[in-house]
Amino acid sequence: MAGTIDKDLLLQLRKGSEEAFRELYARHSRQVFAFAFHLTHSAVDAEDILQDTFLRLWSSREQLPDIERFDNYIFIIARNRTMDHLRRVSLQQKLIDQVWANISEVSDELEQQLDAEESKKLIQNALAGLSSQKQTIFWLSRQRGLSHEEISQELHLSRSRVKNLLVETLRHVRQYLARHSLLLAALFQLVCWK
């Protein structure tokens, strides 16, 4: 019964029916979101994956193949989008780790231009707006030099959760620094492009 309804909606979707698209979204978005959230542990990322999945469905509506089980088809798209996202996050994490490693090796000229006390205060201010869990993970990683695995054991969180929280925290700090210090923003850009 559900498969028949989906097939009818797909036929309408191929003809450009926005109503059929909305109905397919209503019928399957919760499961796609739950699937993406389960793998990313981030509601923001899961929402992005959900939107991207259905955007892909809409943009390729005229070329849709004959689909026997729409739920399988949409999950394949969601799985591919999630894997792409996880690869990007992994690459971002490597870049962020390089940035932090390179910041400690900044040349004397840049160190003279950059007041260390000011940057420390800016980072503390950026962190102050975050949850205590994100602050703790940041300090365990950056001050104590603990790995994701060590932090996950100490805080009783999954390794992927620690990694996601650290990525979100570093993104927040970077954006905060960009808004509050042109020199720090330029330094982050310089280090990122090394």
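Here, each number is a calculation from the coordinates, and none is a lab measurement. Because the structure is predicted, anything quoted here is derived from the model rather than measured. Note that we place each Cβ from the backbone using ideal geometry, even for glycine, and neighbour counts take in every protein chain shown.
The table below gives the values:
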{"read-out": "Residue-count net charge about Val44 - beta-carbon cut-off 11 Å; Lys, Arg +1, Asp, Glu -1", "value": "-3"}
{"read-out": "Backbone HN-Hα couplings from phi across the range 138-154 [Karplus 6.51/-1.76/1.60, Hz, Gly and Pro as x]", "value": "4, 5, 5, 6, 8, 8, 8, x, 6, 7, 4, 5, 5, 5, 4, 5, 5"}
{"read-out": "Chain lengthening between Asp66 and Leu11 when straightened (0.36 nm per residue, less Cα-Cα)", "value": "18.9 nm"}
{"read-out": "Check: the range 1-87 dipole with +1 on Lys, Arg Cβ and -1 on Asp, Glu Cβ, in debye", "value": "120 debye"}
{"read-out": "Contour excess over end-to-end distance, with Cα ends at Glu19 and Gln175 and 0.36 nm allotted per residue", "value": "52.3 nm"}
{"read-out": "Neighbourhood net charge (12 Å Cβ-Cβ; Lys/Arg +1, Asp/Glu -1) for His85", "value": "-1"}
{"read-out": "Inverse mean reciprocal Cα-Cα distance (Kirkwood Rh) of the range 1-87, Å", "value": "13.0 Å"}
